[in-house]
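Read-outs throughout are calculated quantities, based only on the coordinates presented, and are distinct from any laboratory measurement. Everything quoted here is computed from the prediction, not taken from an experiment. Note that each Cβ is placed from the backbone with ideal geometry, even for glycine, and that neighbours are counted across all protein chains shown.
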Amino acid sequence: MLTFAKEQKIYKIDDIEVGGQPGERATLAVGSTFYEGQFKDPKSSLEEVEELILSQQETADELAVQTLVDVFIYEEDEIDWKVDFILEVVEGVVSFDVPESEVRIQLLEHLEQIGALDSILYNSINLGITDDELKTLESCTPKAAIILAYDPQDNSAQGRLNMVKGGSRLMPDGLLAVSNNIEHRLLDTAVTPFGEGASEALRAVPVFKSEFGLPTGCAMHNAVESWSWLSKYRNKNEVMPMLDAAVDVPPMLFGADFIYYGPIENAGKQLPVVAMIDRLIAEGTETYFGIEVPKNHPLNQL
């Protein structure tokens with residue numbers, strides 16, 4: 001069991017509390033929807049998405065696990081209908097996962113217009129940020145954001161740390177500096193494929209917690225998704241949910257405060273694993289380090 005000498009911040013984002021010492025808060029588990037390949041026609045699948053969101057929340061409530069919904073937005077013409085739909089369905093914060101900077105800019109401006117910037121977790125501020133996006137973030141500032149510590153030139157834990165602190169050799173300022181107007185910053189250790197530093201993203205979790213004291217996590221599911229061997233394995237579809245569940249155990253044991261666990265369809269399989277590991281960690285940290293575990297935690301509810 002781990003504990004960190006550096007003071008660990010806990011952010012309260014709506015009804016979510018994330019951060020702190022291991023065991024001090026239930027891990028935040030984030031399930032994704034509208035990801036590429038989920039639906040042939042996303043616009044005609046809104047009822048199914050709503051059911052998946054409600055199912056994730058029902059399971060989370062039963063297990064005393066904290067959850068968010070992560071919504072992928074790839075193109076500008078997806079912004080209006082996805083945002084309107086998801087903010088109608090979800091009470092509380094939503095993670096918006098937007099790969100392209102130009103689309104992120106349009107999303108920020110739309111959220112500013114409808115007064116919803118405090119209702120999102122902006123995903124993400126990363127190496128690809130442009131001057132236009134930085135300017136937009138100054139006038140359309142979300143309350144919470146993911147800081148993605150990806151350095152394509154150095155996939156070591158130290159390289160990821162350097163990207164956050166000083167921009168490595170690729171940015172004039174570090175990712176924390178360019179995001180200093182955002183109140184709640186969650187550090188993502190930027191999982192890369194197996195053979196390209198996946199284990200370093202895992203090792204970076206306690207490194208980041210020790211260095212910054214900020215909520216830290218990752219999406220180890222991405223390493224499984226990009227595993228070339230698995231794409232040829234005869235039982236891929238059968239074992240995929242089990243692999244996704246298993247790969248999130250190590251970051252939790254290393255102190256992760258949040259995990260992006262992959263497709264929201266897997267909530268029924270994934271969240272019991274999260275709850276079990278949360279309980280295991282909290283039992284140890286409560287005993288050995290005197291951590292005060294809240295009542296709404298798997299340790300006290302299961």
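Quick rundown of the values:
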| quantity | calculated |
| --- | --- |
| Computed label-point distance, nm, for sites Asp77 and Phe289 using a 7 Å Cα→Cβ extension | 5.0 nm |
| Pairs of lysine residues in the chain - Cα separation under 22 Å, sequence separation of 8 or more or cross-chain | 19 |
| Fluctuation leader among Gln66, Gln113, Gln57 - the chain, Gaussian network, Cα springs under 10 angstrom | Gln113 |
| Within-11-Å neighbourhood charge of His297 [Cβ basis; K, R +1; D, E -1] | -3 |
| Sequence of Thr130, Thr141, Thr59 once ranked by neighbouring C-beta atoms within 10 Å, starting from the fewest | Thr130, Thr141, Thr59 |
| Region 23-101: C-alpha pair distances exceeding 20 Å, % | 31 percent |
| Label-point gap, in nm, between Leu230 and Glu88 - each point 7 angstrom along Cα→Cβ | 3.4 nm |
| Separation of the Asp61 and Gln153 label points, Cα + 7 Å toward Cβ, nm | 5.1 nm |
| Region 120-233 - Rg over Rh from alpha carbon coordinates, Kirkwood radius | 0.99 |
| DSSP-assigned coil residues among trypsin sites (Lys or Arg not before Pro) in region 158-226, each with at most 12 further Cβ atoms within 10 Å | Arg169 |
| For region 146-302, the Rg and Dmax computed from alpha carbons only, in angstrom | 16.8, 49 |
| Computed magnitude of the charge dipole of the chain (debye, nearest 20; Cβ of K, R +1, Cβ of D, E -1) | 1420 debye |
| Cβ-based exposure ranking for Tyr233, Tyr122, Tyr150, in which fewest neighbours within 10 Å come first | Tyr233, Tyr150, Tyr122 |
| Percent of Cα pairs exceeding the 26 Å cut-off, where the set is the chain | 43 percent |
| For Asp244, net neighbour charge (Lys/Arg +1, Asp/Glu -1) across residues whose Cβ lies under 15 Å away | -3 |
